[in-house]
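Chemist: Structure incoming, see below.
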Amino acid sequence: MEQNLILYTIFGMSLITLLIKVIPAMLVSNYKIPEYINKILEFVPLAVLSSMVVQFIIIEDGKINLSFTNEFLWASVPTLFVTIFFKSLFITIIVGLLSIIFIRYFGIF
Amino acid sequence: MNGIQEVGGSTPPGSTKKLILRFILKFILSDKNFWPIHILNGFLLTLPILLVYVAMGLSFGFLAIDNGISPLNAILMSLLIYAGTAQLVGIQLIVIEASVFSILLTTFIINSRFFVMSSSIGRFLVKFKFYQRFLYACQLTDATFAIHTVRFSRFNPPKLELFTTNIFGHVVWVISTIVGVYLGGRDYNFDSLGIDFAMPAMFIGLLLPLVLTKIHLFICIIAGLLTVILFYFGFSYWTTLSATIITILIGLYIDKWNKI
C-alpha cells in the first residue's frame with residue numbers, strides 16, 4: 001500500500017477508535033443510571049478481561065491449542081498463582097516474563 | 001513527650017528506616033488532598049503497566065518498519081490510534097493490501113470492547129466537566145480502564161492522578177514506538193525476551209483484583225468458557241464482544257435469581 005493511503009487509513013482508524021471510546025463516556029454520565037445498568041457495568045470489566053486473557057493464552061496462531069506446545073498457556077499457570085498470592089501487578093508481569101523465558105530457554109516440554 | 005519516648009524505646013535499633021518507609025507508604029496511594037502526591041500516585045499506578053507499554057510499543061514500532069510502513073506513519077499510529085491490538089492487526093492488514101474499508105471495519109470490531117468499557121467508566125465521571133470527560137475518554141485503554149476501575153471502586157480518586165496515569169501511559173507508548181521504529185530493520189529478536197507474553201500477563205494481573213465476590217468469579221469462568229466455544233465456532237474478532245454480551249445476560253439472570 002502507498003504511504004499516503006496508509007496515512008488516510010490511519011486517520012480513519014483513529015477517528016473510529018476515538019468515537020468508540022468517547023461517545024459512551026459522554027452519554028452515560030449525563031443522566032442517572034438505573035440499578036440494573038449499574039449491575040451490567042459492574043460485570044463488564046470482568047467479562048471483557050476474562051475473554052481477552054483466555055484468547056491470549058489458549059489461541060496460538062489462530063487455533064485453539066491446549067497441548068504442551070502452547071507456551072503461553074503453561075506460562076500463565078505460575079503467573080496466575082503469583083497474582084493470587086501477591087496481588088501486585090508488577091510482580092505478576094515480572095513472573096510472567098520470567099516463566100515464559102524459562103519455558104523457552106530450558107524447553108521443559 | 002512520654003509517648004514519644006515510649007515509641008522510641010519500643011522500636012528496636014535500625015527500624016527508623018522502616019518507620020519512614022511506613023509513613024511514606026501510608027501517605028502514598030491514600031486519598032490525602034495534596035497535589036504532588038496525586039501526581040506521584042499517578043506515576044506509581046502506571047509503573048507496572050509501563051513495562052508492558054514499553055514492550056508492546058517497541059515490538060509495534062519494530063514490526064511496522066519491518067513491514068514497510070514509513071516511520072512517520074508508524075509513530076502517528078501510536079499517537080492517534082493508541083490501541084495496541086488494533087494497531088498490530090492494522091499492520092498485518094496493510095501488509096496483505098487489504099481494502100481500506102475492511103481495515104476500518106476490523107478496527108471497529110476489535111475496538112468495540114471500548115464501547116462497553118467507556119460506558120462502564122463513564123458512570124464515575126459524572127462530576128467531570130465536559131472537556132475533561134472528553135479528554136479522559138480519548139486516552140482510555142484496557143490497562144488504565146482496569147486500574148481506574150479498582151481506584152474508583154475504593155474512593156473518588158483525584159482528577160490529577162487519573163490524568164497523570166493517562167498522559168504518562170500515552171507518552172511512554174509513543175516514545176517506545178519511536179525507539180522501536182529506530183531499531184526497526186535491524187536484527188533483533190524480541191520474542192527471546194518473552195516480550196510477547198507481557199500483554200497476557202498484564203491482563204491476568206489486571207483481572208484478578210477485580211474479582212471480589214462469588215458472582216464475579218462465576219462471570220469470569222462463564223466468559224472464559226464462552227470465549228473458547230465462540231472462537232471454536234469461528235467468531236474470530238467478534239469473540240470478545242459476543243462473549244461479553246452473553247456473559248452479562250447470564251450474570252444478570254443469576255444475580256436476580258440469587259436475590260429471590
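Chemist: As a check on your grasp of the helix formula, calculate [θ] at 222 nm for chain B: sum -39500 (n - 2.57) over DSSP H runs of n ≥ 4, divide by the residue count, round to the nearest 500.
Modeler: -24500 deg cm²/dmol
Chemist: Turning to a different aspect of this structure: When you look at the Cβ of every residue in A:82-94, what mean number of other chain Cβ atoms sits within 10 Å?
Modeler: 6
Chemist: Tilt of helix A:89-106 relative to the longest C-alpha principal axis of chain A, in degrees (0 to 90, nearest 10)?
Modeler: That helix lies at roughly 40 degrees to the long axis.
Chemist: Explain nothing, just the number: relative contact order of chain B, from Cα pairs under 8 Å at least 6 residues apart, as a whole percent.
Modeler: In percent, rounded to a whole number, it is 31.
Chemist: Same structure, new question: Share of the protein assembly as shown's accessible area from carbon and sulfur, percent, 1.4 Å?
Modeler: 72
Chemist: What total accessible area, in Å², is buried where chains A and B meet, using a 1.4 Å probe and rounding to the nearest 100?
Modeler: By this definition, chains A and B bury close to 7100 Å².
Chemist: Kindly state, to the nearest 0.05, the FRET efficiency for A:Ile91 paired with B:Ser102, given R0 = 45 Å and r defined as their beta-carbon distance.
Modeler: 0.65
Chemist: While we're on this one: Across peptide B:79-86, what mean number of C-beta atoms from other chains lies inside 10 Å of a residue's C-beta?
Modeler: Other-chain Cβ atoms within 10 Å of each residue's Cβ, averaged: 4.
Chemist: Something else: Which is farthest toward the positive dipole end of the range A:35-106 among A:Asn38, A:Leu98, A:Trp74, measuring Cα position about the Cα centre, with Cβ charges +1 (Lys, Arg) and -1 (Asp, Glu)?
Modeler: After comparing all options, I get A:Leu98.
Chemist: Could you compute the FRET efficiency for B:Leu249 and B:Ser153, with r as their C-beta to C-beta distance and R0 at 22 Å, rounded to 0.05?
Modeler: After rounding to 0.05, the efficiency reads 0.45.
Chemist: If you fit an axis through the alpha-carbon atoms of helix B:100-111 and take the longest principal axis of the Cα set of chain B, what angle between them do you get, 0 to 90°, nearest 10?
Modeler: Compared with the principal axis, the helix lies near 30 degrees.
Chemist: Rolling a 1.4 angstrom probe over the protein heavy atoms, how many square angstrom per residue are accessible across the protein assembly as shown?
Modeler: On a per-residue basis, 52 Å².
Chemist: Is the shape of chain B best called rounded, prolate or oblate, per the rule: a/c under 1.5 gives rounded, else a/b larger than b/c gives prolate, else oblate, with a ≥ b ≥ c the square roots of the Cα gyration tensor eigenvalues?
Modeler: Since a/c reaches 1.5 but b/c is at least a/b, the shape of chain B is classed as oblate.
Chemist: Next question. Within 14 Å, Cβ to Cβ, of B:Ser119, how many net charges do the neighbouring residues add up to if Lys/Arg are +1 and Asp/Glu are -1?
Modeler: Result for the neighbourhood of B:Ser119: +4.
Chemist: Here is a follow-up. Can you work out ³J(HN,Hα) from phi for every residue in the range B:65-74, in order, using Karplus 6.51 cos²θ - 1.76 cosθ + 1.60 and θ = phi - 60°, giving whole Hz and x for Gly and Pro?
Modeler: Working through the residues one at a time gives 5, 4, 9, x, 9, 5, x, 4, 4, 4 Hz.
Chemist: Something else: State whether the protein assembly as shown is rounded, prolate or oblate according to the following rule on the C-alpha gyration tensor (a ≥ b ≥ c being the square roots of its eigenvalues): a/c under 1.5 gives rounded; otherwise a/b larger than b/c gives prolate, and the remaining case gives oblate.
Modeler: Taking the square roots of the gyration eigenvalues as a ≥ b ≥ c, the protein assembly as shown is rounded.
Chemist: I'd like the FRET efficiency for A:Phe81 and B:Leu160, computed as 1/(1 + (r/R0)^6) with the beta carbon distance as r and R0 of 41 Å, rounded to 0.05.
Modeler: 0.70
Chemist: Provide a list, ordered by number, of residues in the range B:225-260 showing at least 30 Å² less accessible area with every protein chain present than when their chain is taken on its own, using a 1.4 Å probe.
Modeler: B:Thr227, B:Val228, B:Phe231, B:Thr240, B:Thr244, B:Ile248, B:Leu252, B:Asp255
Chemist: How would chain A be classified by its alpha-carbon gyration tensor: rounded, prolate or oblate, with rounded meaning a/c under 1.5 and the a/b versus b/c comparison settling the rest?
Modeler: It comes out oblate by the Cα gyration axes.
Chemist: Here's another thing I want to ask about it. To the nearest 20 Debye, how big is the dipole of chain B about its Cα centre, given +1 on the beta carbon of each Lys and Arg and -1 on that of each Asp and Glu?
Modeler: 1200
Chemist: Output the 0 to 90 degree angle, nearest 10, between the alpha-carbon long axis of helix A:71-86 and the longest principal axis computed from the alpha carbons of chain A.
Modeler: 80
Chemist: Counting only other residues whose beta carbon sits under 14 Å from that of B:Gly68, what net charge do I get with K and R as +1, D and E as -1?
Modeler: -3
The values are calculated or read from the model by the stated rules, or taken from the named source; none is laboratory data. Quantities reported herein were computed from a predicted structural model and do not represent experimental measurements. Cβ coordinates were reconstructed from backbone atoms using ideal geometry, including for glycine residues, and neighbour counts include every protein chain displayed. All accessible areas refer to the heavy atoms of the entire protein, side chains included, with ligands and DNA or RNA removed. Shrake-Rupley method; radii C 1.70, N 1.55, O 1.52, S 1.80 Å.
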